[in-house]
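Let me begin by presenting the structure, written as structure tokens, before commenting on it.
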Amino acid sequence: MSVSQPQRTCVACRTVADKKQLLRFVLAPEGQVVVDYRQQLPGRGLYTCFNLQCPAQAVKRKSFHRGFGAITQPLELSELHGQLRRALFQRIKGLILMARKAGQLIAGSNMVLDTLKGPAPPTVVVMTTDITENMKQKIDRTAKRQQIFCTQLFDKVSLGQMLGKQERSVVAIQDGELATLLKSELNRYELVREN
Ligand SMILES: [Zn+2]
């Protein structure tokens, strides 16, 4: 861990970590606690670990009320979770679109399978939740063998729409900065997704 990274403390479990690894909350002008996913909103921030448990603890123990003082809107944990998931979803979507623009996106089952077996395998594979079981197993197996990060998100229609196609059941992102970023956001999504 670099010493130059600003450190913050989780208001729930008191873990100290790099600010960027934590989840930031601010008090909106309307007196409502909001998730500041990109850590760019003005005002004082409170932080928790990036998971579902610490925000829940913080709500339960009134840490936000103590820290912000002037919360005038109801503070609902489900609302905070919803905000977090939406922010992550948008971020993931944005990165996939950036990868496409940069020519680093491989789309479609056969193309992805070929690339997985080829000399320059991708870093990240995203399969939709409604991919056929047969294809899922094929891709999963091939990716695992090469220790490539592989996860399931979106459905065929929404992934297709994102890419301006009718349906897409799998995409892969070539090695690079975007793929690395996407992998870390997908890992975060795993921590906060509904089961
Ligand atoms: Zn914590």
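The values are calculated or read from the model by the stated rules, or taken from the named source; none is laboratory data. Small disclaimer: the values here were computed from a predicted structure and weren't measured. Note that we place each Cβ from the backbone using ideal geometry, even for glycine, and neighbour counts take in every protein chain shown. When the accessible area is computed, the model is the full protein with side chains, heavy atoms only, and any ligands, DNA or RNA have been set aside. Shrake-Rupley method; radii C 1.70, N 1.55, O 1.52, S 1.80 Å.
Descriptive notes on the structure:
- Within segment 39-68, considering residues that are without any contact (Cβ under 8 Å) to a residue 24 or more places away in the chain and away from the ligand (no atom under 16 Å from the Cβ), the one least open to solvent (accessible area, probe 1.4 Å): GLN39
- Candidates LYS183, LYS165, filtered to the one that is charged (D, E, K, R), touching a strand residue (DSSP E or B) at 6+ places or on another chain (Cβ under 8 Å), more than 15 Å from ASN110 (Cα to Cα) and modelled with pLDDT of 90 or more: LYS183
- Residues of segment 153-186 satisfying the condition of being under 16 Å from the mean Cα position of the chain (by Cα) and free of Cβ contacts under 8 Å to residues at least 12 places away in the same chain: GLU177, SER184
- The listed residue being in the same structural domain as VAL26 (by TED's automatic domain parsing) and either under 30 Å from VAL157 (Cα atoms) or among the acidic types (Asp, Glu) (or both), out of LEU80, LEU52, LEU95, LEU84: LEU52
- Flag for THR142 being among the β-branched types (Val, Ile, Thr), more than 17 Å from ILE96 (Cβ to Cβ) and touching a residue at least 24 places away in the same chain (Cβ under 8 Å): yes
- Positions within segment 16-38 being open to solvent by less than 60 Å² (accessible area, probe 1.4 Å) and within 11 Å of the ligand (Cβ to nearest atom), in sequence order: ALA17, LEU22, LEU23
- GLN5 vs. criteria under 29 Å from LYS183 (Cα atoms) and either away from the ligand (no atom under 16 Å from the Cβ) or crowded, with 18+ Cβ neighbours inside 10 Å (or both): yes
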